[in-house]
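Written below as structure tokens is the structure these notes are about.
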Amino acid sequence: MRVNPYMSGVLTGGLAQAEDTYHFVNRRMSAKEYIAQTCANVTGAAGFVAGMEYGAMVGSMVLPGVGTFIGSLLGGLFAFRLAHRLGYYAGSYVVCLPKALPAAI
């Protein structure tokens with residue numbers, strides 16, 4: 001069975017964006033926060049795809065078969081969280097959202 005990481009990334013980012021759009025339309029999120037979250041969703045989806053690819057590769061080297069599945073799952077989740085956070089910081093910096101800017105990454 002072949003898992004398509006690109007479609008998984010599109011679904012992951014799309015679902016996160018749909019949730020943020022819902023909050024923005026219902027005025028639970030400001031326009032600046034929406035822009036920062038959109039940047040985070042795009043980078044998170046790209047990170048998820050890359051993490052799945054590299055996680056599957058490492059997992060296959062360690063334990064072929066089961067390791068491929070576990071590696072792609074763990075790699076995708078780790079990379080999504082990291083890329084999502086970095087994308088949020090970048091988007092916050094662009095729209096000058098001061099509460100989100102970290103002292104140091």
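How charged is the neighbourhood of Cys39? Take every other residue with its Cβ under 12 Å from the Cβ of Cys39, and add Lys/Arg as +1 and Asp/Glu as -1.
Numbers: positive: Lys32, Arg85; negative: Asp20, Glu33.
Residues close to Cys39 contribute a combined charge of 0.
With the simple spin-label model, which puts each label point 7 Å out from Cα in the Cβ direction, the Arg85 to Lys32 separation comes to 2.3 nm.
Dipole check for the chain: with +1 at the C-beta of Lys and Arg, -1 at the C-beta of Asp and Glu, and the Cα centre as origin, the magnitude is about 220 Debye.
Do the sum for the chain: with -39,500 (n - 2.57) for every DSSP H run of n ≥ 4, divided by all residues, what is the mean residue ellipticity at 222 nm, to the nearest 500 deg cm²/dmol?
Numbers: 3 runs with 82 residues, N = 105.
That calculation yields -28000 deg cm²/dmol at 222 nm.
Per-peptide packing, taken as the mean over residues of other Cβ atoms within 10 Å, places 9-19, 74-84 in the sequence 74-84, 9-19 from highest down.
Take the Cα pairs of the chain, get the Kirkwood Rh, then feed it into Stokes-Einstein at 25 °C and 0.890 mPa s and tell me D in µm²/s. Walk me through the intermediate numbers first.
On the way: Rh = 14.4 Å.
Calculated translational D: 171 µm²/s.
In angstrom, the C-alpha Rg and Dmax of the stretch 42-94 are 12.6, 43. Membrane-span-like helices in the chain (whole DSSP H runs, Cα extent of at least 18 Å along the helix axis, mean Kyte-Doolittle hydropathy of at least 0.5): 31-62, 66-94. Along the axis of the charge dipole computed for the chain (Cβ charges of +1 for Lys and Arg, -1 for Asp and Glu, origin at the Cα centre), the listed residues Val66, His84, Ala45 are led at the positive end by His84.
Per-residue extension of 0.36 nm, minus the Cα-Cα distance of Tyr22 and Leu77, leaves a gain of 17.4 nm for this segment.
Rule-based calculations on the coordinates, nothing more; no lab input. Note that the structure is a prediction, hence the values are computed from the model and not measured. Neighbour counts are summed over all protein chains in view; Cβ atoms, including those assigned to glycine, are modelled from backbone coordinates with ideal geometry.
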